[in-house]
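Here the structure is laid out as structure tokens; the discussion comes afterwards.
The values are calculated or read from the model by the stated rules, or taken from the named source; none is laboratory data. Computed from a prediction, not measured in an experiment: that's the story for all the values here. In this analysis, Cβ positions are derived from the backbone assuming ideal geometry, glycine residues included, and neighbour counts consider all displayed protein chains.
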Amino acid sequence: MAQPPYLLDASRCSATLQAIQDLCARESWLLLAAHIRTTHVHVVVEADATPEWVMSSFKRVASRASNGLGLDGEGRIRWARHGSTRYIWTKEQLSAAIRYTVNAQGQPLVVYEAAR
């Protein structure tokens, strides 16, 4: 690693969630669940794009939101090159993914769950 790990504090977590929500609204993607942790982000979204595209889009808007806070130095690397992306095919898989995202990450930090 060329830089120390990037940690999301309360303001960075909130900015990240807001950026993800705004992007989902612009793209007409359905945000079903999100959990912003200090070191990573979990998101369940229904989108008309590949999971890889969605993930890179979330990283892009979250980085812009963090840049807007003015808390990080120029050239700060925030995200790993990739991440875990999965297709969800069944209602059971969807329910499990939402439960995992919202409830299985330890102490809740910044969490979003769509009303069902």
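What the table shows:
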{"read-out": "Filter result (among the small types (Gly, Ala, Ser) and without any contact (Cβ under 8 Å) to a residue 40 or more places away in the chain) within segment 65-79", "value": "Gly70, Gly73, Gly75"}
{"read-out": "Any hit, segment 94-105, residues being at pLDDT below 85 and touching a Lys or Arg at 6+ places or on another chain (Cβ under 8 Å)", "value": "yes"}
{"read-out": "Subset of segment 25-74 (residues that are within 30 Å of Thr90 (Cβ to Cβ) and part of a loop (DSSP other than H, G, I, E, B))", "value": "Ser28, Trp29, Arg37, Thr39, His40, Ala47, Asp48, Ala49, Thr50"}
{"read-out": "When residues of segment 65-91 are limited to those that are within 14 Å of the chain's Cα centre (by Cα) and of a type in the set (A, V, I, L, M, F, W, C), the one surrounded by the most Cβ atoms within 10 Å (Cβ to Cβ)", "value": "Ala65"}
{"read-out": "Conditions (1) surrounded by fewer than 14 Cβ atoms within 10 Å (Cβ to Cβ); (2) touching a strand residue (DSSP E or B) at 6+ places or on another chain (Cβ under 9 Å); (3) charged (D, E, K, R); number of the one not met by Arg37", "value": "(1)"}
{"read-out": "Number of the exception - Leu94 against (1) aliphatic (A, V, I, L, M); (2) within 13 Å of the chain's Cα centre (by Cα); (3) more than 26 Å from Ala2 (Cβ to Cβ)", "value": "(2)"}
{"read-out": "Number of positions in segment 92-108 that are loosely packed, with under 10 Cβ neighbours inside 10 Å and not in a loop (DSSP other than H, G, I, E, B)", "value": "1"}
{"read-out": "Residue check for Tyr87: farther than 17 Å from Leu7 by Cα, in contact with a strand residue (DSSP E or B) (Cβ under 8 Å, 6 or more places away or on another chain), of a type outside the set (A, V, I, L, M) and modelled with pLDDT of 90 or more", "value": "no"}
